[in-house]
Amino acid sequence: MRRVAITGAGTINALGHDVPSTLQALRNGVCGIGPLTIRDADRLSVRIGAQVKHYDETAHFGRQQIALYDRFTQFAVISAAQAMKQSGLSIDEELACRSGVLLGTSGGGLSTVDDSYRSVYEEGKNRVHPFVVPRLMANAAASAVSMEHGLQGPVFTVSSACASSNHAMGLAFQMIRSGMADVMLTGGSEAMLCFGGIKAWEGLRVMSEDGCRPFSATRNGMVEGEGAAVFVLEEWNHAVERGADILAEFAGFGMTADAKDIVLPSADGAQRAISAALADAGLAAEDIAYVNAHGTGTTANDRVECLALAKAFGPAADHLLVSSTKSMHGHLIGGTGAVEVLACLLALREGVIAPTIGFDATDPECPLDVVPNIAREAKVTACLSNAFAFGGLNAVVALRTA
Amino acid sequence: MDTRERVIAIIAEQALLEPSDIREDMSLADLGLDSLGLVESIFAIEEAFDLRVPFNANEPQASEFDVSTVGAMIKAVERLVMERA
């Protein structure tokens, strides 16, 4: 079976506008969550989020691109450009047809939808900008990335709420492994921090008004973030033959459905996804030193996730390091799994486990080592990253040192 | 600014040209305006003059709104402004 290398990474998120600054922030336990600076924030009851700050779209894009690119597309295009640059890949005519893009997003161009609704409903206007549809469509980001780099193979978008990125990366991995493609740009992007986006989440009553404290007894909900991360996945021998720097091996993927409840998670479904990822990667529970948790900071998720990890790992759970970096970069919904792979790369390549910050009280229902507040050094040769979505969809990726 | 100058200013902005470089005999192709640039121009005209331009991108030639040249577009806008008044 063909193996899959990660040969490039790019990101823009609340912790940094590229990979080095993001890794530095993850290592230092920096919190990217702060007061939301969006229109009509005073009408929100949830007024915090992990926004991408100091962002000037005109520094990255021309006028015609800005007219066509929603914020979630901009984030994806910026991340993909960084990843391609790091990979050193040059795409010739033959490789272009064997290369594709597979990105996750949950909301697509939600700010575009929000702005257009505002103008027709609130402002009573009878026309919207002609590019509303190409901006809002969920595949806008994947298509823009394919056009920027001339990638003409499989290109599409996966939307499965909070598991979107993991599903996207898992499928991209399988496409290369099975021989359908040689290079895939994959990851996810989200930009839901607009008035309508937050309002919708407020309604569900799962958001914290004061901070994201995963696994802590004082946790009181999730905090939304925004941004993107994109990786270059490449067929292993292709990467070796061109002398590429292989960041890590994409080793396995597991996905399951709870088939139970539209919002409540199930330990059984999550555990089966974790076990499936281990089996797919040919890894034993003892091989895994680190798990980047889904760890949303909601009462239900964190309890169920700990239960699922305990079941899947058995006695090996005692030595497991588990952290939720959502405490720093927020929950990027459809983009979250992609940004969390960066924490996995930090663990695999630098032996640094990014902490779960905001941790202030032990919860007996979360009895794992959640690396509270301060990063830790550890030797990690393989790790997992969990994503468990509304709708009961679970997707877990397994990575291994190169 | 009269209608002619305002239409030229809108087209110039879309085509990334100076208004002084735009001639009335120029076609969309001469201006380097693609189909997206054209619908953006029409949207900008609708916004600027507060009117509805009868244009269907499926059959640009059959539309009442003549987009064959800059001059034709100016005339069409002038007519729409007159009809509204």
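If the requirement is being under 15 Å from B:V81 (Cα atoms) and under 13 Å from the mean Cα position of the chain (by Cα), which of these qualifies: B:V53, B:V39?
Going through B:V53, B:V39 in turn, the sole match is B:V53.
Does B:E59 satisfy the criteria of being more than 13 Å from chain A (Cβ to nearest Cβ) and either modelled with pLDDT of 95 or more or in a loop (DSSP other than H, G, I, E, B) (or both)?
In short, yes.
With respect to B:R52, is the statement that it is more than 10 Å from every other protein chain (Cβ to nearest Cβ) and not hydrophobic (A, V, I, L, M, F, W, C) true? If you could, list the steps in order and put the result at the bottom.
Numbers: more than 10 Å from every other protein chain (Cβ to nearest Cβ): no; not hydrophobic (A, V, I, L, M, F, W, C): yes.
No: the conditions fail for B:R52.
Would you check which residues across segment A:281-295 are more than 23 Å from A:G334 (Cα to Cα) and under 22 Å from the mean Cα position of the chain (by Cα) and list them?
Result: A:A281, A:I288, A:A289.
With (1) surrounded by fewer than 24 Cβ atoms within 10 Å (Cβ to Cβ); (2) among the β-branched types (V, I, T); (3) not in a helix (DSSP H, G or I) as the list, and A:T186 as the residue in question, which single condition is left unmet?
(1)
Taking B:D30 as the residue in question, decide whether it is without any contact (Cβ under 8 Å) to a residue 12 or more places away in the chain and either assigned to a loop (DSSP other than H, G, I, E, B) or farther than 20 Å from B:R4 by Cβ (or both). Steps first, answer last, please.
On the way: without any contact (Cβ under 8 Å) to a residue 12 or more places away in the chain: yes; either assigned to a loop (DSSP other than H, G, I, E, B) or farther than 20 Å from B:R4 by Cβ (or both): no.
Against the criterion (without any contact (Cβ under 8 Å) to a residue 12 or more places away in the chain and either assigned to a loop (DSSP other than H, G, I, E, B) or farther than 20 Å from B:R4 by Cβ (or both)), B:D30 does not qualify.
Which condition number does A:A259 fail, the rest of (1) touching a Pro at 6+ places or on another chain (Cβ under 9 Å); (2) outside any helix (DSSP H, G or I); (3) surrounded by fewer than 17 Cβ atoms within 10 Å (Cβ to Cβ) being met?
A:A259 satisfies every listed condition except (1).
Can you spot a residue in segment A:280-287 that is surrounded by 24 or more Cβ atoms within 10 Å (Cβ to Cβ) and either more than 22 Å from A:M207 (Cβ to Cβ) or out of contact with any His (no Cβ under 7 Å at 6 or more places or on another chain) (or both)?
no
Among the residues of segment A:201-218, how many are at pLDDT 95 or above, over 20 Å from the mean Cα position of the chain (by Cα) and not in a loop (DSSP other than H, G, I, E, B)?
Counting residues in segment A:201-218 that are at pLDDT 95 or above, over 20 Å from the mean Cα position of the chain (by Cα) and not in a loop (DSSP other than H, G, I, E, B) gives 1.
Among the residues of segment A:80-109, write down those that are crowded, with 24+ Cβ neighbours inside 10 Å and over 14 Å from A:M184 (Cα atoms).
Selection gives A:T105, A:S106, A:G107, A:G108, A:G109.
Could you tell me whether segment B:71-82 includes any residue that is within 11 Å of chain A (Cβ to nearest Cβ) and under 22 Å from A:K125 (Cβ atoms)?
No, there is no match, as no residue in segment B:71-82 is within 11 Å of chain A (Cβ to nearest Cβ) and under 22 Å from A:K125 (Cβ atoms).
Could you identify the single residue in A:G391, A:G358 that is assigned to a loop (DSSP other than H, G, I, E, B), in the same structural domain as A:A300 (by TED's automatic domain parsing), closer than 24 Å to A:F253 by Cα and small (G, A, S)?
The unique qualifying residue is A:G391.
Can you pull out every residue in segment A:162-183 that is more than 27 Å from A:N301 (Cα to Cα) and not in a strand (DSSP E or B)?
A:Q174, A:M175, A:I176, A:R177, A:S178, A:G179, A:M180, A:A181, A:D182
Out of A:G314, A:G297, A:G337, which single residue is of a type outside the set (F, W, Y), buried (at least 24 other Cβ atoms within 10 Å of the Cβ), part of a helix (DSSP H, G or I) and outside the structural domain of A:T22 (by TED's automatic domain parsing)?
None of the other options fit; the residue is A:G337.
Looking at (1) closer than 27 Å to A:A76 by Cβ; (2) touching a helix residue (DSSP H, G or I) at 6+ places or on another chain (Cβ under 7 Å), which is the only condition A:S275 fails?
(1) is the only condition that A:S275 fails.
Report whether or not B:L36 is within 14 Å of another protein chain (Cβ to nearest Cβ) and not aromatic (F, W, Y).
Values: within 14 Å of another protein chain (Cβ to nearest Cβ): yes; not aromatic (F, W, Y): yes.
Judged against the criteria, B:L36 is a match.
The values are calculated or read from the model by the stated rules, or taken from the named source; none is laboratory data. None of the values given here were measured: they were computed from a predicted structure. A quick note on method: Cβ atoms are made from the backbone with ideal geometry, for glycine too, and the neighbour counts reach across all protein chains shown.
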